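The values are calculated or read from the model by the stated rules, or taken from the named source; none is laboratory data. Nothing here was measured: the structure is a model prediction, and the numbers come from that model. Cβ atoms come from the backbone with ideal geometry, glycine included; neighbour counts cover every protein chain shown. Keep in mind that these areas ignore ligands, DNA and RNA; they rest on the heavy atoms of the full protein, side chains included. Shrake-Rupley method; radii C 1.70, N 1.55, O 1.52, S 1.80 Å.
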Amino acid sequence: MNEQQNPWKILSEKKVYENPWIKLTEFDVINPSGGKGIYGKVHFRGIATGALPLDEELNTYLVGQYRFTVDQYSWEIPEGGGAFGVDPVESAKRELLEETGLVAEEWTKIVEMHLSNSVTDEYAVIYLARKLSQHMASPEETEQLQVKKVPFEEAYQMVERGEILDSMSVAAILKVKLMLADGRIS
């Protein structure tokens, strides 16, 4: 199999839904085994960004909010969206400040990922934010956020217990746990 060649053949496509953030398209296709079928794709109009803030005492800050899509409360790293053409770290800085009031002097890219590549093209970039200072938070009007400062190890245990399920948060927390374990950060 040629990894660079798309084995799917698109016969036609139809826009099903569109808003400022996403576009849903249905494709009539010939799948890799030769059968006809349909495939739905959610196209995101921006890049997902996240920041895992980590202070000198190895505390982090989690943001809690009720997530409409999964109909439950969610603890997460500060995250949001950024426009294509804007450096993702700038979007991550904005989200960190908006949601927690934190400003970081040091930014390190730790994870790049596709969030659900079976149905979406959403791409995410996550950063470790260090050398923190506290300022005024300014959440968006649609957000009802709760921010809590926890020891990083507690955030890791929340992932282990299944209390943090957000994919960007899980990936970032597990990556930082590995970085701490192998001495890349202290």
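Among the listed residues Ala83, Ala129, identify the single one that is in contact with a Leu (Cβ under 9 Å, 6 or more places away or on another chain) and among the small types (Gly, Ala, Ser).
Details: Ala83 fails: in contact with a Leu (Cβ under 9 Å, 6 or more places away or on another chain).
Result: Ala129 is the single residue among Ala83, Ala129 that is in contact with a Leu (Cβ under 9 Å, 6 or more places away or on another chain) and among the small types (Gly, Ala, Ser).
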> When the residues of region 24-65 are filtered to those that are among the aliphatic types (A, V, I, L, M) and without any contact (Cβ under 8 Å) to a residue 60 or more places away in the chain, which remaining residue is most open to solvent (accessible area, probe 1.4 Å)?
Replying inline: Ile38
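Out of the residues in region 129-173 that are among the aliphatic types (A, V, I, L, M) and open to solvent by 70 Å² or more (accessible area, probe 1.4 Å), which is nearest to Gly64 (Cα to Cα)? Break it down into steps so the answer makes sense when it comes.
So in region 129-173, the residues among the aliphatic types (A, V, I, L, M) come out as 129, 132, 136-137, 145, 147, 150, 155, 158-159, 164-165, 168, 170-173.
Now restrict to residues that are open to solvent by 70 Å² or more (accessible area, probe 1.4 Å): 136, 165.
Working: Met136: 17, Leu165: 12 Å.
Ranking the candidates gives Leu165 first.
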>> Show me the strands (runs of 3 or more DSSP E) entirely contained within region 88-186 in which 2 or more residues are touching a Lys or Arg at 6+ places or on another chain (Cβ under 9 Å).
In response: 102-114, 123-134
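Test of understanding: among Val63, Val42, which residue is within 21 Å of Tyr17 (Cβ to Cβ) and part of a strand (DSSP E or B)?
Working: Val63 fails: within 21 Å of Tyr17 (Cβ to Cβ).
When all the criteria are applied, what remains is Val42.
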